[in-house]
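Undergrad: Sharing a structure below in structure tokens format, with a few things to ask.
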């Protein structure tokens, strides 16, 4: 068995993902989160809650523009999945898209907060050196037992 196949409960698993800011590509974020949740032994309901929460997390940015890039870091450690999301702004003119720079989505902040409150254990928004970041954390229901 190769070293990379040996799992350690204390060693985090990390998936980093970047994709163009397009609504039809948010499925990539859901897939990455669901994969880590499954590997952390979340049950089906917990995985579905996490998938919905990731959807909401990605669209919770106040303004995401065409031509932008979504950056996601998904981490799983000992029954806890953490997702961090940042968005690189869209360019004002993009040669391959007529809509570059137009706002693609921007969710109602209060509604997003209520949904995330119901779906995950912790979530927040903060400003880092690289810009704004939204994050969530969900613990497996029986992780403490």
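Undergrad: Consider residue 17 carefully, then state whether it is on the phi < 0 side of the Ramachandran plot and modelled with pLDDT of 90 or more.
TA: Details: on the phi < 0 side of the Ramachandran plot: yes; modelled with pLDDT of 90 or more: yes.
Here the answer is yes, as residue 17 does meet what is asked.
So that you can scan it fast, the table gives a plain yes or no per residue for (1) surrounded by 14 or more Cβ atoms within 10 Å (Cβ to Cβ); (2) modelled with pLDDT under 80; (3) not in a strand (DSSP E or B):
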position: 27; (1), (2), (3): no, no, yes
position: 30; (1), (2), (3): yes, no, yes
position: 37; (1), (2), (3): yes, no, yes
position: 47; (1), (2), (3): yes, no, yes
position: 67; (1), (2), (3): yes, yes, yes
position: 90; (1), (2), (3): yes, yes, yes
position: 100; (1), (2), (3): yes, yes, yes
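The values are calculated or read from the model by the stated rules, or taken from the named source; none is laboratory data. Model, not experiment: these values are computed from the prediction. Reconstructed Cβ throughout: ideal geometry from the backbone, glycine too, with neighbour counts over all protein chains shown.
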